[in-house]
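Notes follow once the structure below has been shown.
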Amino acid sequence: MKSQRFVYLKVERVENQLILVDSAGKKFLVPELNEKGTSLYKRAVAAANNPTKYCFKARVSGNLTEGSVEFGRNPGENFNGAEPVTNFNRPNGGLEQYEMKVTPQAEVAEKPVEEDVLNFIHNEAGGLKPQMLFMHPLKWKYLIRNIIRGKNIMMTGPAGCGKTMAAKAAANSIEGYNMEIFNLGSTQDPRATLIGNTQFDTKQGTVFNPSPFVKAIQTPNTVIVLDEISRAHPEAHNILMTVLDAGQRYLRLDEAADSPVVKVA
Ligand SMILES: Nc1ncnc2c1ncn2[C@@H]1O[C@H](COP(=O)(O)OP(=O)(O)O)[C@@H](O)[C@H]1O
Ligand SMILES: [Mg+2]
């Protein structure tokens, strides 16, 4: 056996099955990957939803007939120029060459199906909790569930009980999600922190520079941690009101009634 090398594989959904595609466009079905509820499957869903950010790395041996698949946080660009897999026949990972018989149908699911989501919350969420974090398993599960479901969650408790730590750990533990933390306790100017600043530019005149928070709420799959919200300036509460309300979910950039609004992704 020659030395091992890596190739990058894109994940695609075809007829609700996850398919790995090599750089030459050849498709592979991975039976084990398609077992819902496994962590590899969950990661493949994340990769299929965000192909520019994640792709699979296949470890292949010299003659390209053996190998295994692993998931890496490899940006999609790495995929370009990767070596094509030509004969991925009976790899130990269960990767089998799959000749596509049917033409792909139009109804390609954008989001993981409900069954996967439930499976993930009930079977896998618990395993993501860091060992060092002391927290009731049910509370942890609830935290993960709300992230997956895109809902708000408020954590209360005495100082130093691990609220910030748990929020960061939960956001980091799920593949495919980014995290942005805003410490609202440390700002006296919530408008600048949450909305942005206007600046003067000699060429364009006065321009508006949106804050990182505005960018964060427009980015899908972003977990936004509003730390120390109980200490926030009252103005912050006003600004956040529409963002946090599940029925509204927008941010108005100015106080004027006809000012532009930013929709939460
Ligand atoms: N439940 C916990 N499990 C593990 N470590 C904890 C826990 N609670 C607090 N700690 C430790 O205390 C530190 C401070 O906790 P932190 O998350 O900032 O508390 P809070 O945000 O609730 O005030 C953490 O970084 C961690 O080292
Ligand atoms: Mg804290």
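Since every read-out is calculated from the coordinates, none of them should be taken as a lab result. Keep in mind that this is a model prediction, so the values were computed, not measured. FYI the Cβ positions are ideal-geometry reconstructions off the backbone, even for glycines, and counts take in every protein chain you see.
Points to keep in mind about this one:
- C-alpha center-to-center spacing [the stretch 128-164, the stretch 187-228] in angstrom: 27 Å
- For the stretch 176-263, the residue among 238, 257, 187 whose Cα projects farthest onto the positive side of the dipole built from Cβ charges is 257.
- Burial ranking of peptide ranges 125-137, 231-243 (average Cβ count within 10 Å, highest at the top): 231-243, 125-137
- Cα gyration tensor shape of the stretch 150-195, rounded if a/c is under 1.5, else prolate or oblate by comparing a/b with b/c: oblate
- Charge dipole of the stretch 176-263 (Cα centre as origin; +1 on each Lys and Arg Cβ, -1 on each Asp and Glu Cβ, all else neutral): 220 debye, rounded to the nearest 20.
- Taking a ≥ b ≥ c as the square roots of the eigenvalues of the alpha carbon gyration tensor, the stretch 136-265 is prolate, as a/c is not under 1.5 and a/b beats b/c.
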